[in-house]
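Engineer: There's a structure below that I have some questions on.
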Amino acid sequence: MFLRFVAFWLLVGMLIGAVGAQAEQKRLPNFVIIFTDDQGFADVGCFGAQGFETPHLDRMAREGRRFTNFVVAAAVCSASRVALLTGCYPQRVGILGALPPRSGVGIHSREVLIPELLKQRGYATCIVGKWHLGDHPKFLPLQHGFDEYFGLPFSNDMWPHHPQTNVFPPLPLIHNNRVVAVNPDQHYLTTWYTEYAVDFIRRHRDRPFFLYVAHNMPHVPLFVSEKFRGKTKRGLYGDVIMEIDWSVGQILNTLRELDLDKHTLVIFTSDNGPWLSYGNHAGSAGPFREGKGTTWEGGHREPCIMWWPGRIPAGTVCEEFCCTMDILPTLAYLAGAELPKHKIDGHNIWPLISGQPGAKSPWKAFYYYYYGYELQAVRSGRWKLHFPHRYRTLDGPPGRDGLPGRYKIVRTELALYDLKTDPGERHNVADQYPEVVRRLQKLAQIARRDLGDTLTGHKGKGVRPPERVEW
Ligand code: MG
């Protein structure tokens with residue numbers, strides 16, 4: 001009798017255990033993307049920062065995985081952001097460059113953004129920070145799958161205090177669909193965003209969530225709260241990055257405290273390289289050439305760290321090529337969400353993120369477009385071919401203390417670089433590898449037919465127009 005009693009309760013215990021394990025397995029992961037603005041490749045401690053420290057990001061890297069060959073799809077704000085959120089080249093969805101206030105275009109309602117995709121699976125969704133994908137009420141985040149929005153609708157320099165122009169109207173701070181302040185005190189942007197993000201996590205600890213924290217910093221004009229003012233040798237730029245680092249720490253600590261760390265993938269990266277004309281108010285691209293607004297690696301290559309204790313191998317580095325467009329299909333895979341019916345450009349890179357042995361980059365070719373539809377370069381593996389094109393470079397000394405220096409426009413000829421041995425794109429080896437040049441030229445033809453190219457007069461067949469609106 002006693003044995004039967006024990007056997008019964010053992011069985012009950014096993015059943016409960018099995019159900020619990022199943023629930024655990026079926027529990028959908030949370031996703032947090034932290035996306036800074038104009039931060040250079042070398043502007044994180046573990047990516048080689050000088051003159052300031054980033055203890056929280058460095059810890060995130062020690063507990064997670066660093067990506068050293070991670071790029072954005074465009075070296076400028078709006079285009080880069082639309083690629084992250086739609087998994088498509090900006091040219092495919094028609095959101096290009098940096099949209100001005102009262103923009104006449106926005107993301108078309110047919111496009112599917114990460115939050116819309118995750119809503120199929122019951123996720124709570126929130127964006128804190130910079131949107132910059134159309135500021136008409138019709139285009140704001142709540143109309144594109146986000147449940148909550150708190151932040152600026154475009155860049156923080158598009159306001160009446162711009163150092164060089166007075167064309168900009170007062171800068172709105174928006175909560176959901178409502179303007180709650182104009183020309184807010186930017187010293188507190190990073191603090192406010194962090195508090196909102198932490199509160200969102202606390203409010204949604206019991207259900208899957210997607211949180212997109214798009215800091216306005218370190219885009220000029222730089223502002224930092226008194227918590228970090230004067231804290232670094234590097235000056236204001238270093239102070240600003242240390243405050244962003246503090247913000248990352250607040251988010252990760254909240255996840256740890258709520259026991260959500262084993263259920264949350266956190267991705268940290270930035271939208272484009274440093275705005276070099278701002279001198280001591282700009283970041284550093286480290287070994288890479290040029291910065292924001294160019295198709296050289298300094299414009300596109302970003303520091304990237306991914307963290308998910310127990311799922312991502314701690315303290316590892318991924319050197320395989322991947323990019324922001326891969327995030328949408330990867331999150332869709334992890335959440336069991338259906339991909340959009342239309343064509344997207346990114347790939348599921350979970351094998352790279354989870355460190356599967358021998359995992360390789362799924363990218364056969366990657367295309368570097370400048371602002372509009374000008375195809376300036378193509379990359380395949382270690383090779384990058386620049387077509388003859390114009391680009392901006394500093395003309396004399398850079399600016400100081402919030403005032404920019406001058407750029408001049410110069411030109412590159414057809415140039416092949418081996419990014420493996422020459423990451424700084426200094427030695428043109430086109431003459432030595434004519435067959436590589438031919439192969440990359442063929443790959444470029446595919447992009448021209450699909451996405452277009454104003455340099456060669458191609459109109460892309462795979463382009464979907466954005467939505468237009470009259471103000
Ligand atoms: Mg930017």
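The values are calculated or read from the model by the stated rules, or taken from the named source; none is laboratory data. Note that the structure is predicted; figures quoted are calculated from it, not measured. Here Cβ is always computed from backbone atoms with ideal geometry, including for glycine, and neighbour counts include all displayed protein chains. The protein model used for the area step is the full one, side chains on, heavy atoms only, and it has no ligands, DNA or RNA in it. Shrake-Rupley method; radii C 1.70, N 1.55, O 1.52, S 1.80 Å.
Engineer: Multiply the residue gap between residue 442 and residue 62 by 0.36 nm, knock off their C-alpha separation, and tell me the result in nm, one decimal place.
Structural biologist: Difference between extended and current length: 132.7 nm.
Engineer: May I pose another question? Exactly which GluC sites (Glu not before Pro) in the stretch 172-280 are in a DSSP loop and have at most 14 other Cβ atoms within 10 Å?
Structural biologist: Counting only loop positions with at most 14 other Cβ atoms within 10 Å, the GluC sites (Glu not before Pro) in the stretch 172-280 are 226.
Engineer: Between rounded, prolate and oblate, where does the stretch 366-468 land on the alpha carbon gyration tensor, with a ≥ b ≥ c its root eigenvalues, rounded for a/c under 1.5, else prolate if a/b exceeds b/c?
Structural biologist: The shape class here is oblate.
Engineer: For the charge dipole of the stretch 31-161, defined by +1 on Lys and Arg C-beta atoms and -1 on Asp and Glu C-beta atoms about the Cα centroid, which residue among 151, 124, 54 has the Cα displaced farthest towards the positive pole?
Structural biologist: Sorting the options by dipole projection puts first 124.
Engineer: Same structure, new question: Filter the trypsin sites (Lys or Arg not before Pro) in the stretch 252-302 down to the DSSP loop ones having no more than 16 other Cβ atoms within 10 Å, then list what survives.
Structural biologist: Counting only loop positions with at most 16 other Cβ atoms within 10 Å, none of the trypsin sites (Lys or Arg not before Pro) in the stretch 252-302 qualifies.
Engineer: Which shape class applies to the stretch 281-361: rounded if a/c is under 1.5, otherwise prolate when a/b exceeds b/c and oblate if not, where a ≥ b ≥ c are the square roots of the Cα gyration tensor eigenvalues?
Structural biologist: oblate
Engineer: Right, something else. Roughly how many Å is it from the Cα centre of the stretch 341-413 to that of the stretch 122-142, as a whole number?
Structural biologist: So the separation of the two Cα centres works out to 26 Å.
Engineer: Working from Cα positions, state the angle (0 to 90°, nearest 10) between the long axis of helix 434-451 and the longest principal axis of the chain.
Structural biologist: 70 degrees
Engineer: Can I ask one more? May I ask what percent, to the nearest 5, of DSSP beta bridges between residues of the chain are antiparallel?
Structural biologist: 60 percent
Engineer: What's the carbon and sulfur percent of the chain's accessible surface, probe 1.4 angstrom, rounded to a whole number?
Structural biologist: Taking all protein chains in place, the chain shows 55 percent carbon and sulfur surface.
Engineer: Is the shape of the stretch 29-353 rounded, prolate or oblate, going by the alpha carbon gyration tensor and its root eigenvalues a ≥ b ≥ c, with a/c under 1.5 for rounded and a/b larger than b/c for prolate?
Structural biologist: rounded
Engineer: Which value, in Å², gives the accessible area per residue of the chain when a 1.4 Å probe is used on the protein heavy atoms?
Structural biologist: Accessible area per residue: 41 Å².
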